[in-house]
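Structure, as structure tokens:
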Amino acid sequence: MKNPGNKQMMSTGEKPPGFAYKILRLFTVVQPGEALTAFLLMSNVFLLFTAYYIIKPVRSALIIAGKGAEWKIYLSAAIAILLVFVVKIFGNIASRFPRQKLITWVTLFFISNLFIFYLLSFTRIDLGTMGIIFFIWMGIFNVMVVAQFWGFANDLYTEGEGKRLFPLVAFGATFGGFSGSTIAGWLIEPIGLYQMMLVSGTFLVLCILLTWIIHTREIKRAEYTTVKATREEELRKKEQGKPLEKGGGFRLVFKKRYLLYIAFFVLLLNFVNTNGEYIKDNLLEKIALEAVESGTSGGLDMKEYIGKVDAGWMKYFNLIAMFIQLFVVSRIFKWFGVRAAIFFLPVIAIGGYFFIALGASFGLVYWVKALENGTDYSLMNTTRHSLFLMTSRQEKYKAQAVTKTFFHRAGDVFSALIVFLGTTYLAFNTERFAAFNVVLIAIWIILGILIFREHKRLSEKRAVSQV
């Protein structure tokens, strides 16, 4: 019996399903004609996260060795304030350029910055100052490039397509995180920290190339499918490639309850995660100092030792993320739905921090954080982006950018305040910081329930309007 999908493919100018299609079908539901774009998007985000994770251990090494674990938290708060202005600038730029040009110019800007940082390493700038500048830059870089990629992906897919294909696309991010951290672990000793910035920039250039390939392919495909498309799909295809309307992302978030719930959900998520990062980094700083002083660091200085251990930890949590992304996420989406997927990470986190609160060791914290981050970077990452599938094009780019940047970093502001109060006035130890996280996660779950209800209400309203 012939595959009916093949006939459809020929009518839209696509080739019959090939080897890539059959492979991708093992991990999620892929319809004929969707495999190549999904694979290209997956490759794009793979390269993006590879670039990011190559320099992420560099960031940790410079700031912890140069200033200490507390400074890592305090600077995250400064980044949140700075992002208010960055998001406004991004909103203005997004209103002037088509999506492919927007992504190109923003990415080129960050590539040029990496080259400047590399040149600064040859000057007499001290380690602490370099660590501060690079940490702030990374805080802006990692949220902006990721937010614009997912805005791009949301723009390409309908809600139904996104629910099926986002788990597959997001695997590229988790695989890229694993690859980047593995490459960083290999390169730190032979080439040094600063040279890794140039390696990262090379991967970002490839991201730009793939963006243009995907954009060109989708515009051409739209010419074949517009005739048979529904009215909603036709309007969406016509909008692709055009600049966004004028207007800020903050206004979009605060005027819609659903977006506001998501924004505060992300804030609490990062509040908990950053507190956990401080717990891990504080213990790592002590262990690195002991290793260098006792001569057990293998000849590495403190910043190189921290970078190597941190790269190893990132490799393991990304390995966990890869497994979850490949074999768990699509099944959770299929069996339980996007709304239920909201609660998996909070449940895992509350259990992990409960055990840390009973008695912490570096090994326990290491693996709890690995499981938490692995789930966050796979299941929760895909879930957060899928929540925007039912939003407007303006909200996909601008509101999502505000959520991913300002509200995400606002969690760092509150974490910095707690770390300051806890270390200065309240005499918090590791166990007390973990207990505080347990309380935060309880509030986090309540916000998840509000999103669940609002998503259900909007879905039912949308279904009625399309009848």
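The values are calculated or read from the model by the stated rules, or taken from the named source; none is laboratory data. If you're wondering where the values come from, they're calculated on a predicted model, not measured in any experiment. In this analysis, Cβ positions are derived from the backbone assuming ideal geometry, glycine residues included, and neighbour counts consider all displayed protein chains.
Take the residues of segment 268-313 that are more than 25 Å from Phe420 (Cβ to Cβ) and touching a Ser or Thr at 6+ places or on another chain (Cβ under 6 Å): which is modelled with the lowest pLDDT? Looking at residues that are more than 25 Å from Phe420 (Cβ to Cβ) and touching a Ser or Thr at 6+ places or on another chain (Cβ under 6 Å), I get Ala311.
Within segment 107-129, restricting attention to residues that are in contact with a Phe, Trp or Tyr (Cβ under 8 Å, 6 or more places away or on another chain) and of a type outside the set (Ser, Thr, Tyr), the residue that is nearest to Gln195 (Cα to Cα) is Phe117. Screening segment 289-392 for helices (runs of 4 or more DSSP H) wholly inside it with 3 or more residues that are of a type in the set (Lys, Arg), in contact (Cβ under 8 Å) with a residue 12 or more places away in the chain and surrounded by 17 or more Cβ atoms within 10 Å (Cβ to Cβ) returns the ranges 302-324. What's the number of the only condition in (1) within 23 Å of the chain's Cα centre (by Cα); (2) at pLDDT below 70 that Ile81 fails to meet? Just one mismatch for Ile81, condition (2).
Against the condition farther than 30 Å from Met302 by Cβ and in contact with a Lys or Arg (Cβ under 6 Å, 6 or more places away or on another chain), how does Ala147 come out, does it pass? Judged against the criteria, Ala147 is a match.
Here's the yes/no breakdown for (1) in contact with a Ser or Thr (Cβ under 9 Å, 6 or more places away or on another chain); (2) without any contact (Cβ under 8 Å) to a residue 60 or more places away in the chain; (3) surrounded by 20 or more Cβ atoms within 10 Å (Cβ to Cβ):
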residue	(1), (2), (3)
Asn142	no, no, yes
Trp150	no, no, yes
Val169	yes, no, yes
Gly180	yes, no, yes
Ile188	no, no, yes
Gln195	yes, no, no
Val199	no, no, no
Ile208	yes, no, no
Ile213	no, no, no
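Consider segment 382-415 and keep the residues that are modelled with pLDDT of 85 or more and of a type in the set (S, T, N, Q). The one that is nearest to Ala340 (Cα to Cα) is Thr383.
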